[in-house]
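Data first, discussion second: the structure below is written as structure tokens.
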Amino acid sequence: PVWDGSQYMQPFFWVVTWSLMFSFAVAFAMGANDVANSFGTSVGARVLSIPQVVILAGLCSFVGAVGLGGRTAETIRNGIIDIESFEDVPHLYICAMCSALFGTFTLVFVATILKMPVSTTHAIVGAVMGPGIVQFGKSGVDWLGFGKIVIGWFVAPVLAGLIAAGFYTLQKKVVLIESDLEKSLKNQLWFTSGQMGVIVFIVLFFIFLEVNDNLPNWMQIAEIPNPPTWPGSLVMPLICVGSGAIVTVISRYFLMPKMFRAIERDARSGGAYYSHTSVLNSVTNDIAKQDAAGEAKIVI
């Protein structure tokens, strides 16, 4: 029969219902595994409590999914298996996505029970490939698109490592290697606050890129190699820069001092109080000793 999008698909609505349930199950598994990966260090260091992590993770996941999740969702939907192969059998495509959700949930949930940190992204990519191969063989997979995803798996850790090494080296040179410890502390406050400002700038910039086509012409960001215009294509970048600068100042003069006071108050109540100056002095001396022994060198 010819698919008209109504009567022919009605018998398969139960698959949509199960897919919705499996979507919530995958979200649950991601919260148990991926969120634990992201916030485990913060909880272990007693910077955040479990209730605070739940609130922050839910808020950040929602904003990320709504603001920037469309591109990744499009890749998962149409960049792994050849969706045109399912054009004549759309009900099988629905079953394939439902099976992919179930496979992803099963793997991530079992890995969580076994205390194994795994990637939900890797799981969903493999789970989407499986039904395509079963139905159409190797021709059911977009191998070029899959190859791009795999390349990203290898490139992402390298780039993340280089960026982290660069920030670590900069922090080490600017913050810890200082004869004036109070100045070092002030540098640390500005450095960390600046990092928060950069994060806000990057997130806002890419959110604006996501909705760029829906903005009025005079607000759209110019595409390379088109030259920028004023106010036109410079409005959104300036908003991003200004927002990052505001967050930096707020963090420097409000959030960071409050955090230091909370840390010192917690240390006092725990019976093991060390002022930030004494801690910074200890860390600086340790790094100086390692440098003298040739043990703390970083080559980028």
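The values are calculated or read from the model by the stated rules, or taken from the named source; none is laboratory data. Note that this is a predicted model, so its numbers are computed, not measured. In this analysis, Cβ positions are derived from the backbone assuming ideal geometry, glycine residues included, and neighbour counts consider all displayed protein chains. For the accessible areas, the whole protein counts, side chains as well, though only heavy atoms, and no ligand, DNA or RNA atoms are used. Shrake-Rupley method; radii C 1.70, N 1.55, O 1.52, S 1.80 Å.
With every protein chain kept in place and ligands, DNA and RNA left out, what is the accessible area per residue of segment 1-113? Probe 1.4 Å, answer in Å².
Accessible area per residue: 63 Å².
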Given a 1.4 angstrom probe, I'd like the percentage of the accessible area of segment 1-110 that is carbon and sulfur, rounded to a whole number.
71 percent
Residue separation times 0.36 nm, minus the C-alpha to C-alpha distance between Lys186 and Phe28: what's the value?
52.8 nm
Ser42 label point, 7 Å along Cα→Cβ, cut-off 11 Å on backbone N: hits in segment 58-80?
58-61
Sorted largest first, the C-alpha extents of segment 35-94 along its principal axes in whole angstrom are 55, 20, 17
How far apart, in nm, are the 7 Å Cα→Cβ label points at Ile133 and Glu84?
2.3 nm
Modelled label-to-label distance, Asn214 and Phe154, 7 Å Cα→beta-carbon offset: nm?
3.7 nm
Given the Cα-Cα distance of Met116 and Phe206 and 0.36 nm per residue of separation, how much length would full extension add, in nm?
29.2 nm
Quick query: amide H of Ile81 versus all other amide H atoms, modeled in the peptide plane; which residues come in under 5 Å with a sequence gap of 5 or more or a different chain?
Asp142
Which of the pairs Lys115/Lys186; Lys148/Lys172; Lys173/Lys258 have their Cα atoms more than 32 Å apart in this structure?
Lys115/Lys186; Lys148/Lys172
For the pair Val174 and Phe260, what calculated FRET efficiency results from E = 1/(1 + (r/R0)^6), where r is the Cβ-Cβ distance and R0 = 22 Å, to the nearest 0.05?
0.75
So, by mean Cβ neighbours within 10 angstrom, what's the order for 33-39, 257-263, 97-103 with the highest one leading?
97-103, 33-39, 257-263
